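Following: one structure in structure tokens, then a few remarks.
The values are calculated or read from the model by the stated rules, or taken from the named source; none is laboratory data. Since the model is a prediction, treat every value here as computed from it, not as a measurement. In this analysis, Cβ positions are derived from the backbone assuming ideal geometry, glycine residues included, and neighbour counts consider all displayed protein chains. Heads up: the accessible areas ignore ligands, DNA and RNA and are worked out on the full protein's heavy atoms, side chains in. Shrake-Rupley method; radii C 1.70, N 1.55, O 1.52, S 1.80 Å.
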Amino acid sequence: MGIVGAYRLRLRRRRLHLRAWLKRREMTAVVNRTGAIRGDSILLLSTLRNERVRLPYFLRYYRDLGVNHFLIVDNGSDDGSREYLQQQSDVSLWVATGSYKASRFGMDWITALQRKYCHGHWTLVVDPDEFLVYPFCETRPLRALTDWLETSGIRSFSAMLLDMYPKGPMDAQPYREGQDPFEIAQWFDSANYSVKRNPGDGNLWVQGGPRARVFFRDRPKAAPALNKIPLVKWHRAYAYASSTHMLLPRGLNLTYDEWGGEKASGCLLHAKFLDTFAAKADEELERGQHYANSAEYRAYRDGLKTHPDLWCKWSEKYINWRQLEILGLMSKGNWA
């Protein structure tokens, strides 16, 4: 990349920081426990709205994995999410009254918190329906992964978003608060993915899975991106440029080996497709706060009418991370 291109990326990053500085005014601290953050704490950030039923398992999963503190932005929940999070001793909570869409779908708020609280910390950014799995995750805590990444000089860790779904109609098995969602959403597409390199930002662009197969089968290029870089050793100069799909500086996006080898990577098991999904899709479609005037949720609403069941004869039942490695959906690289 030439001098002009590098300057443009640097200017783009500064604009993102400026947006975050301005948008921070939309956030009000409900409870700020960041004084408990230690120098080696692993942090998790998330923006949410009306996710009360998911929160107990979400927090327990990441606590068990090794997250030390949660920084949560609530964008107008009215289902008890805010009250529940206030009671959690390892959660710092802000409410944001501004537009989710106008805040780059919550990323301006997240960036503001990252710049203030996350410098020098391994930081995980996920949604309440995303659950990180990585090599040896059943026996090695998240700190073992971050220690190895740091020793190896790796600053960012990628994870493919893997859509999980039940066998049968989504509303056939009610999800209970605190339940492991993958007791219901046990299945995934083992193939049907396209991967291409984004020459401008250097990241991989991944699409496919059940959403492309069912909801975007006539427009596969419009299907949601599945590539994410959720785990980063954060520096206040960094910024997510498009959700967690890409970062600036662009070197953080090179989470794959360009010379034919394999770098370690994980998967984010995506528990979107439960019995709560139809109501959530209707709510988000009415709000119109998502990308392209919520076109994705419009596709979900229309698709559910004719395809309430995402399962097909090629669906595979989830076992563990080793299964995903064998299928080429994640890699342990040289982490032995």
Quiz item: Can you pull out the trypsin sites (Lys or Arg not before Pro) in the stretch 22-92 that DSSP calls coil and that have at most 12 other Cβ atoms within 10 Å?
Solution: ARG38
Quiz item: Across every pair of different alpha-carbon atoms, what Kirkwood hydrodynamic radius in Å does the stretch 1-138 reach?
Solution: 15.9
Practice problem: Would you grab the residues whose amide H sits under 5 Å from the one on SER158? Only those 5+ places off in sequence or on another chain, please, with H modelled 1.01 Å from N. | Solution: GLY266
Quiz item: Once every DSSP H run of n ≥ 4 in the chain is given -39500 (n - 2.57) and the sum is divided by its residues, what mean residue ellipticity at 222 nm do you get, rounded to the nearest 500 deg cm²/dmol?
Solution: -8500 deg cm²/dmol
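Can you give the extra length, in nm with one decimal, that the chain gains between TRP314 and THR28 once fully stretched, where that is 0.36 nm per residue apart less the Cα-Cα distance? Show your work: numbers first, answer last.
Numbers: separation 286, 0.36 × 286 = 102.96 nm, distance 4.72 nm.
Value of the extension gain: 98.2 nm.
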Quiz item: Under the Kirkwood approximation applied to all pairs of distinct alpha-carbon atoms, what is the hydrodynamic radius of the stretch 1-78 in Å?
Solution: 15.6
Quiz item: Roughly how many whole Å is it from the C-alpha centroid of the stretch 227-251 to that of the stretch 25-91?
Solution: 20
Exercise. Collect residues whose amide H, placed 1.01 Å from N in the peptide plane, falls under 5 Å from the amide H of LEU45; neighbours closer than 5 in sequence don't count.
Key: LEU71, LEU124, VAL125, VAL126
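Percent relative contact order of the stretch 67-191, based on C-alpha pairs within less than 8 angstrom and at least six residues apart?
Relative CO of the stretch 67-191 lands at 17 percent.
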Quiz item: To the nearest 10 square angstrom, how much accessible area does LYS233 have with a 1.4 angstrom probe?
Solution: 50
Quiz item: Which value, in Å² and to the nearest 10, is the accessible area of LEU85 when all protein chains are kept and the probe is 1.4 Å?
Solution: 0
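Determine by what factor the alpha-carbon radius of gyration of the stretch 232-271 differs from 2.2 N^0.38 Å, reporting the quotient. Before the final figure, lay out the partial values.
Details: Rg = 12.1 Å, N = 40, 2.2 N^0.38 = 8.9 Å.
Dividing the Cα Rg of the stretch 232-271 by 2.2 N^0.38 Å gives 1.35.
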Exercise. With θ set to phi - 60°, apply the Karplus curve 6.51 cos²θ - 1.76 cosθ + 1.60 along the stretch 39-52 and write out the HN-Hα couplings as whole Hz, x wherever there is a Gly or Pro.
Key: x, 10, 5, 8, 10, 10, 10, 7, 10, 8, 8, 6, 10, 3
Exercise. Please report the base-10 log of the normalised intensity I(q)/I(0) for the stretch 129-267, using a Debye sum with one equal scatterer per alpha carbon and no solvent, at each q in 0.10, 0.16 (1/Å).
Key: -0.40, -0.98
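Kindly provide the chymotrypsin sites (Phe, Trp or Tyr not before Pro) of the stretch 36-144 that DSSP labels as loop, not H, G, I, E or B, and whose Cβ sees at most 12 other Cβ atoms within 10 Å.
The qualifying sites: there are none.
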Quiz prompt | Relative contact order of the chain, pairs being alpha-carbon contacts under 8 Å that are 6 or more residues apart, as % | solution = 22
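Could you give the C-alpha radius of gyration of the stretch 61-116 expressed as a fraction of 2.2 N^0.38 Å, taking N as the number of residues it contains? Mind showing how you got there, number by number?
Working: Rg = 12.2 Å, N = 56, 2.2 N^0.38 = 10.2 Å.
For the stretch 61-116, the normalised Cα radius of gyration comes out at 1.20.
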Quiz item: If you work out Rg/Rh (Cα atoms, Kirkwood Rh) from the coordinates, which of (1) 1.00; (2) 0.93; (3) 1.02 do you get?
Solution: (2)
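Only Cα pairs under 8 Å and at least 6 apart count here; give the relative contact order of the stretch 178-336 as a rounded whole percent.
In percent, rounded to a whole number, it is 27.
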Quiz item: Can you pull the accessible area of GLU150 for me, 1.4 Å probe, Å² to the nearest 10?
Solution: 90
Quiz item: What list of ³J(HN,Hα) values in whole Hz, one per residue of the stretch 146-154 in order, does the Karplus curve 6.51 cos²θ - 1.76 cosθ + 1.60 (θ = phi - 60°) give from phi, with Gly and Pro shown as x?
Solution: 5, 4, 5, 4, 5, 4, 7, x, 9
